[in-house]
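Working notes, beginning with the structure itself.
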Amino acid sequence: MGVTTARTAAGRWPVVRPWFGLAARLGLAAVWLFAGGAKVGDLAASGRAVNAYQVMPYEVATAIGAALPFVELALGLLLLAGLATRLSAGISAALLLVFIAGIASAWARGLAIDCGCFGSGGQLAAGQAPSYLPEILRDLGFLALAGFLLIWPRTPFSVDGWLAGDPPVEDDDE
Amino acid sequence: MSSRKGRNEAARVVREQLAREKRRKRTLWTSVGAVVVLVIAGLIGWSVYSSQKSDTFTAPPGANDAGTGVVLGTGPVTIDLYEDYLCPACKQFQQASGETVNQLVSSGKAKVVFHPVAYLNRFSTTEYSTRSSAASGCAAKGGKFKEFTDALFAQQPAEGSAGLSNDQLIDIGAGVGLDRDDFGSCVRDGTYTAWTEHVTDDASKAGVTGTPTIKVNGTAVEDRSPAGITAAVEAAGK
């Protein structure tokens, strides 16, 4: 009896795992689409939000601020389609690590800025407290989604799976 | 018997190798494709931003030499005010400390350089920050910058709204004594829109990341109360 329950618990993981993966993929896609969409309407403001971190020259910050919303949207679309999932998850994780490092360094330097993660950004009004810890914790949550997809990139309803022409398989090395 | 088993084994190894090779190629090409998509997306963003930027601007009469703000008064100490007409904290600052700043200017202790930055375009549906700032350039042309600025803060629209329409801006201008035709066409044509962009860019370069920012002789003032402003000007004037 004990043996059977142990086997079903272990046996269930390969069945539910692809669905967790699908949720992680679509969740991360939504994060990027919202983040990019909120910023894409005002690229100059996006540049100012990057500049507010005071880690690079103004010209570089505005160029990155202009490019970032489009890159975020493209990442969101790649994840939504499930194309090159492992690479997209890897780039997502790298971007999130950069964002977390940026927020942490702003915190450490005592800057009073909004992270600008989903639009707005820049210095806060007097008397407004920055919320660095929730911002970092939120990004760590997104990082967990990216990490899941890095380890198990194959999910149902993905272009990757369609290209491979087979159902999600165990031990896929893509 | 054993040699046949060996052949089967060899065929299986070859098949697996071919499958692995195919998979490796597919991964490579999808990865290359994805990277290309991301790079192109970044370039699109950069070129859209570059094409939005205008190279030339005309500063309104009354602006400083660099064309980054409108000068009021002639005192020895310089007070730089970076404000967005849509920013509620700027309105509060004007209400609390505006009179003190006026007195410092009229008593000849300081001059004001007012930078009407457009930082908050995202918080109106009609780019009110840019339109109101460009309209303030038109008001400067008509010699009523200060009056127009005070009137705009007094009638400040809420963040997230459509802001005031161009017609409303023109009514306010006419209300402070600007010529309705001249001022009206200047506002409608967006004569000073490129100037607004220059003002905003310059403020960002100067490290102004939020509004209002108040600087006295180039140093940011943390205490924006009347006492704080007066103290900073007194200290700078010594």
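When the pairs B:K109/B:K205; A:K39/B:K144; B:K53/B:K146 are compared against a 31 Å limit on Cα-Cα distance, A:K39/B:K144 fall above it. Computed over chain B with a Gaussian network model linking Cα atoms closer than 10 Å, the most mobile of B:G137, B:G62, B:G175 is B:G175. Peptides A:75-87, B:12-24 ordered by packing proxy, namely the average of other Cβ atoms within 10 Å per residue, highest first: A:75-87, B:12-24.
Taking only alpha carbon atoms, region B:1-52 gives an Rg to Rh ratio of 1.56, where Rh is the Kirkwood radius.
Rounded to the nearest 20 debye, what is the charge dipole size of the protein assembly as shown about its Cα centre when +1 sits on each Lys and Arg Cβ and -1 on each Asp and Glu Cβ?
Working: 36 positive and 38 negative charges, 456 e Å.
Approximately 2200 debye in magnitude.
Taking every DSSP beta bridge with both residues inside chain B, roughly what % is antiparallel (nearest 5)?
60 percent
Within the accessible area of region A:8-165, the carbon and sulfur atoms contribute 75%, probe 1.4 Å, all protein chains present. Ranked from largest, the principal axis spans of the Cα set of chain B equal 111, 46, 32 Å.
Suppose only helical runs count, i.e. DSSP H with n ≥ 4. What mean residue ellipticity at 222 nm does that imply for chain B under -39500 (n - 2.57) per run, divided by all residues and rounded to the nearest 500 deg cm²/dmol? Don't jump to the answer; show the numbers that get you there.
Working: 8 runs with 139 residues, N = 238.
Estimated from H runs of four or more residues: -19500 deg cm²/dmol.
For chain B, averaging the sequence separation of C-alpha pairs within contact (under 8 Å, six or more residues apart) and dividing by the residue count gives a relative contact order of 26 percent. With a 10 Å cut-off around each Cβ of A:69-79, the average count of Cβ atoms from other chains is 5.
Within a 10 angstrom radius of each residue's Cβ in A:87-94, how many Cβ atoms of other chains show up on average? Whole number is fine. Can you show the working numbers first?
Values: counts 8, 6, 0, 1, 3, 0, 0, 0.
Mean partner-chain Cβ count within 10 Å for A:87-94: 2.
If you filter region B:135-216 for GluC sites (Glu not before Pro), then keep DSSP loop positions with at most 15 other Cβ within 10 Å, what is left?
B:E159
Chain A contacts chain B over a buried accessible area of about 2800 Å², both sides summed; the probe is 1.4 Å and only protein chains count.
When A:W152, A:W32 are compared by accessible surface with a 1.4 Å probe, the order from highest to lowest is A:W152, A:W32.
How well do other chains shield peptide B:202-210, expressed as the mean number of their Cβ atoms within 10 Å of each residue Cβ?
Mean partner-chain Cβ count within 10 Å for B:202-210: 6.
Entry note, region B:133-208: relative contact order of 42 percent, from Cα contacts under 8 Å with a spacing of 6+ residues. Please report, to two decimal places, log10 I(q)/I(0) for the protein assembly as shown at q = 0.06, 0.11, 0.12, 0.15 Å⁻¹ as given by the Debye formula with identical point scatterers on the Cα atoms and no solvent. At q = 0.06, 0.11, 0.12, 0.15 Å⁻¹ the computed log10 ratios are -0.36, -0.87, -0.97, -1.30.
Treating the Cα atoms of region A:21-156 as identical point scatterers in vacuum, please give the log10 of the normalised Debye intensity I(q)/I(0) at q = 0.12, 0.17 Å⁻¹, two decimals. After summing over all Cα pairs, the log10 values are -0.46, -0.88.
The values are calculated or read from the model by the stated rules, or taken from the named source; none is laboratory data. As the structure is a prediction and not an experimental result, all values here were calculated from the model. Cβ atoms come from the backbone with ideal geometry, glycine included; neighbour counts cover every protein chain shown. The accessibility values were calculated without ligands, DNA or RNA, using every heavy atom of the protein model including side chains. Shrake-Rupley method; radii C 1.70, N 1.55, O 1.52, S 1.80 Å.
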